[in-house]
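All of the numbers you see were taken from the coordinates with simple rules; none came from a lab. Keep in mind that this is a model prediction, so the values were computed, not measured. Cβ atoms come from the backbone with ideal geometry, glycine included; neighbour counts cover every protein chain shown.
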Amino acid sequence: MFRKIGKLFTPRKTQNFYNKTSKKNKLTADLVTNLNTLKENILFDCNDVKYKDLYINFSDGQLKGTLIFVDGLVESEIINRDIINPLLTKFIHFPLSRLKTVSQLQYYIPVDEVESLDTFSDIPRRLFSGDSILLVDTFNSTLVLNTKGFSDRGIEESKNEHIIRGPKDSFIENIRTNTSLIRRKLKDPNLKIKELSIGERSKTTVAVLYIDDLVHKDFLNSTIERLNNIKINGIFETAYLEQYLENNPYSIFPQMQTTERPDKVCSYLLEGKIAIFVDGSPNCLLLPVTLSQLFQSPDDYYERVLYGNFLRIVRYIGFFVTTTLPAFYVSLTTFHQDVLPLNLAITIAKSRAEVPYPPLIEVLLMEIAIEFLREASARLPSSIGQTIGIVGAIILGDAAVKAGLVSSVMVIVVATTAIGAYIVPYYSATYALRFIRIPLILAASAFGAFGMVMAWCWILAHLCRLSSFGHPYLFPLSPSDPSLVTDAVTRKPLYNQQTSPKTKRKRRAK
C-alpha cells in the first residue's frame with residue numbers, strides 16, 4: 001500500500017529525446033514524422049511556436065517544407081522577405097533532381113547565419129533563441145536560420161556607475177550588443193570571445209572575453225573548465241556565476257567585480273583579466289580582482305593626475321572612517337574618556353545625559369535604523385525611495401534625539417559612517433564595509449582600543465589569506481611589488497604606466 005502511495009508522489013519519467021546516441025534523436029527523411037515528434041514530444045503546449053507550411057517550387061516539381069519559429073522572438077520582415085519569398089520564387093529554374101542536400105538551399109536564402117542540424121536536441125534551444133527552423137521533406141537534416149528580432153532596451157547611461165567625465169554608454173540585456181560595444185573600443189584580433197551554453201533548462205549563452213596574448217593560459221583554462229562544470233537549471237544574472245566561481249563563498253569581501261561600463265571592461269582586459277557576459281544581464285563579471293581595484297574608478301584616469309590621486313585618497317579615508325568611526329566612538333565613551341579634550345568630553349557627556357543605555361546599544365540601534373531606511377528606499381519606486389531616505393532619516397534622527405533615545409553626537413557619527421560607505425565606487429563592496437563595523441563595534445565595547453586593534457588584525461589576516469582565482473587579494477601590497485604599489489594606492493601619469501600587464505600569478509593550491 002505504501003509503495004502505491006509513494007508512486008503518486010514520484011515524478012513521472014518522460015522519454016528522453018535529447019540523448020545524442022539515441023536513434024530517436026535523429027531527424028528522419030519524412031517531414032510528417034519529424035513534425036509529429038516535435039509537436040507531440042518536445043514542443044507540445046507551446047502555443048507561441050508557429051508552423052508555416054509551404055511548397056518550394058522547382059522547374060520539375062515541388063517539395064513540401066515547414067518553417068518553424070517562435071512568435072515574438074523573430075523579425076517578421078526577415079521571415080517574409082528573406083526566407084519565404086526566396087523559397088517560393090528563386091528555385092523555379094532549378095531542377096529538383098539536382099537538390100542532393102538541404103544545405104544547398106542556403107545559397108538562395110539571404111540570411112547572414114545559416115546552419116544545418118540532423119538531431120532534435122539543439123532545435124528547442126535554437127528556436128527559443130530567436131532562430132527559425134526549416135524542415136524539408138525527403139531530407140533528414142534541417143536548416144537553422146538567424147531571424148532574431150526581439151526588442152531590446154536602448155543603450156543608455158549607467159544608472160549605477162556615474163562618472164563626470166568619460167563615455168556615457170553602458171551594457172544592456174542583449175549579449176551580442178554588449179560584446180559589440182567591447183569590439184568597438186578594442187579593435188584587436190587578439191580579443192577573443194568564447195561562447196558557452198550554461199543551464200540545463202535555460203540554455204543561457206555565456207560569453208568569455210579575453211585578450212589572447214595577455215591572459216594567463218592556465219587561469220583561462222581553469223575558468224572555462226569551472227564554467228562548463230556548473231550544473232544548474234537556469235542562469236539569469238552574473239550573480240549566479242559569481243556564487244559558483246568564487247573560492248570563498250562565506251567571505252564578506254567580493255572576489256569578483258561587476259560593471260555596466262564598456263570602458264572599464266576594456267581596461268581590465270588590457271591588464272590580462274577575463275570578462276564574462278551573461279545573455280539577459282546588463283552586468284559584466286570581471287576576474288580576478290584585488291582589494292585596491294575596488295577603490296578605483298574610471299574618473300581617476302579621466303581627470304588630471306593630482307585630482308585623480310586626491311579622489312583615491314579620499315576613498316581610502318572614507319573606508320577607514322566608515323568602518324572604524326562607530327567603534328572608535330564606543331571605545332572612547334566606554335573606556336578611554338581620559339584621552340578626550342575636556343570640552344569635547346563635556347559635550348559628549350551632556351548629549352548622553354538622558355540616554356538610558358550604554359553606547360553599544362545606542363550604536364546598534366542607530367545602525368539598525370539606518371539599514372531599515374536604506375532597504376526601504378531601495379525597494380520603493382525611485383521617486384518615493386529618495387524621499388523616504390532623506391525625510392525619514394531627518395525625522396527619525398531628530399525625534400530620537402528629542403526623545404532622549406540617542407545622543408546628538410551619535411547621530412552625527414552614524415550619518416558620517418553611512419555617507420562614507422558610498423564613497424567606494426563599487427557598490428557591492430559597501431556590503432563588506434557595513435559588515436566589518438559589527439565585529440569592530442563589539443570588540444571596542446568589550447576591550448576598548450585593544451579590542452579594535454585585535455579585530456583589525458583578524459580582518460587583515462583574513463585579507464592576506466584571501467585570493468581571487470589564485471591571485472592574492474592584497475596584491476601588489478602583499479606580496480609586494482614596488483613597481484605596482486604606486487598605481488594601487490595612487491596613480492601615476494598615463495605615460496609612466498605599463499602598457500602590458502605585469503602581475504605575479506602565484507597560484508595557490510586549491
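Using the alpha carbons of segment 244-328, what is the convex hull volume per residue in cubic angstrom, as a whole number?
Dividing the Cα hull volume of segment 244-328 by its residue count gives 125 Å³.
At a Förster distance of 60 Å, what's the computed FRET efficiency of Arg379 paired with Asp213, Cβ-Cβ distance as r, to 0.05?
Rounded to the nearest 0.05, the efficiency is 0.85.
Place +1 on the Cβ of every Lys and Arg and -1 on the Cβ of every Asp and Glu in the chain, take the dipole about the Cα centre, and give the residue among Ser478, Ala369, Thr322 whose Cα lies farthest towards its positive end.
Most positive-ward Cα: Ser478.
If packing is taken as the average count of other Cβ atoms within 10 Å, what order do 372-381, 128-137, 483-492 fall into, highest mean first?
Going from most to least packed, we get 128-137, 483-492, 372-381.
Return Lys217, Lys203 ranked ascending by Cβ neighbour count within 10 Å, so the fewest neighbours appear first.
Listed from fewest to most nearby Cβ atoms, that is Lys217, Lys203.
Search the structure for amide H atoms under 5 Å from the amide H of Lys50, placed 1.01 Å from N in the peptide plane, and list their residues when 5 or more places away or on another chain.
Sorted by chain and number, the residues that satisfy this are Phe69, Val70, Asp71.
As I understand it, the dipole of segment 81-202 uses +1 on the Cβ of Lys and Arg and -1 on the Cβ of Asp and Glu, about the Cα centre. Which of Ser141, Pro189, Phe94 lies farthest toward its positive end?
About the Cα centre, the residue reaching furthest to the positive side is Pro189.
For the chain, what does the helix formula give at 222 nm: sum of -39500 (n - 2.57) over DSSP H segments with n ≥ 4, over the residue count, nearest 500 deg cm²/dmol?
Theoretical 222 nm ellipticity from helices: -12500 deg cm²/dmol.
Name the residue farthest towards the positive end of the dipole of the chain from the options Val289, Tyr210, Asn247, assuming +1 on Cβ of Lys and Arg, -1 on Cβ of Asp and Glu, about the Cα centre.
Result: Asn247, furthest along the dipole toward the positive end.
Kirkwood-based Rg over Rh for segment 12-171 (C-alpha set), two decimals?
1.10
Please report the antiparallel percentage of the DSSP beta bridges confined to segment 17-166, to the nearest 5.
Percentage antiparallel, nearest 5: 100.
Quick one: which residues, 5+ away or cross-chain, put their amide H under 5 Å from the amide H of Phe475? H built at 1.01 Å from N.
Hits under the 5 Å cutoff: Leu291.
Under a point-charge model restricted to the Cβ atoms of Lys and Arg (+1) and Asp and Glu (-1), what is the dipole moment magnitude of the chain relative to its Cα centre, in debye to the nearest 20?
I would put it at about 1300 debye.
Which of Leu433, Leu364 has the fewest other C-beta atoms within 10 Å, and how do the rest follow up to the most?
Leu364, Leu433
Output ³J(HN,Hα) for segment 89-105: one whole-Hz value per residue in order, computed from phi by the Karplus curve 6.51 cos²θ - 1.76 cosθ + 1.60 with θ = phi - 60°, and x for Gly and Pro.
For segment 89-105, the Karplus-derived couplings read 10, 7, 9, 4, 9, 10, x, 4, 5, 8, 7, 9, 9, 5, 5, 5, 5 Hz, x marking Gly and Pro.
Go through segment 218-228 residue by residue and turn each phi into a ³J(HN,Hα) via Karplus (6.51, -1.76, 1.60, θ = phi - 60°); whole Hz please, and just put x for glycine and proline.
5, 5, 5, 5, 5, 5, 5, 5, 5, 5, 5
Just the Kirkwood number for the chain, please: inverse of mean 1/r across all distinct Cα pairs, in Å, one decimal.
Across the chain, the inverse of the average 1/r is 27.7 Å.
Could you list, bin by bin from short to long, the percent of Cα-Cα pairs of segment 300-489 in 10 Å steps?
Each 10 Å bin holds this share of Cα pairs: 8, 28, 33, 22, 8, 0.
Please list 147-159, 181-193 highest first by mean number of surrounding beta-carbon atoms within 10 Å per residue.
Most protected by this proxy first, the peptides run 181-193, 147-159.
For the residues Tyr268, Tyr495, what sequence is obtained by ranking on other C-beta atoms within 10 Å, fewest first?
Tyr495, Tyr268
In segment 256-306, if every C-alpha pair distance is counted and binned at 10 Å from zero, what percent goes to each bin?
Taking all Cα pairs of segment 256-306, the binned fractions are 22, 56, 20, 2 percent.
Ordered by packing density, taken as the mean number of other Cβ atoms within 10 Å over each peptide's residues, highest first, how do 112-121, 318-327 rank?
Ranking the peptides 112-121, 318-327 by packing returns 318-327, 112-121.
Please state the charge dipole magnitude for segment 23-146, taken about the Cα centre, from unit charges on C-beta atoms (+1 on K and R, -1 on D and E), reported in debye and rounded to the nearest 20.
Using only the charged Cβ atoms, the result is roughly 420 debye.
Show me the three semi-axes of the equivalent ellipsoid for segment 196-238, from the C-alpha gyration tensor (sqrt of 5 times each eigenvalue), largest first, rounded to whole Å.
After diagonalising the Cα gyration tensor, the semi-axes are 23, 11, 6 Å.
Give, rounded to the nearest 20 debye, the magnitude of the charge dipole that segment 175-289 has about its Cα centre when Lys and Arg contribute +1 at Cβ and Asp and Glu contribute -1 at Cβ.
Dipole size: approximately 320 debye.
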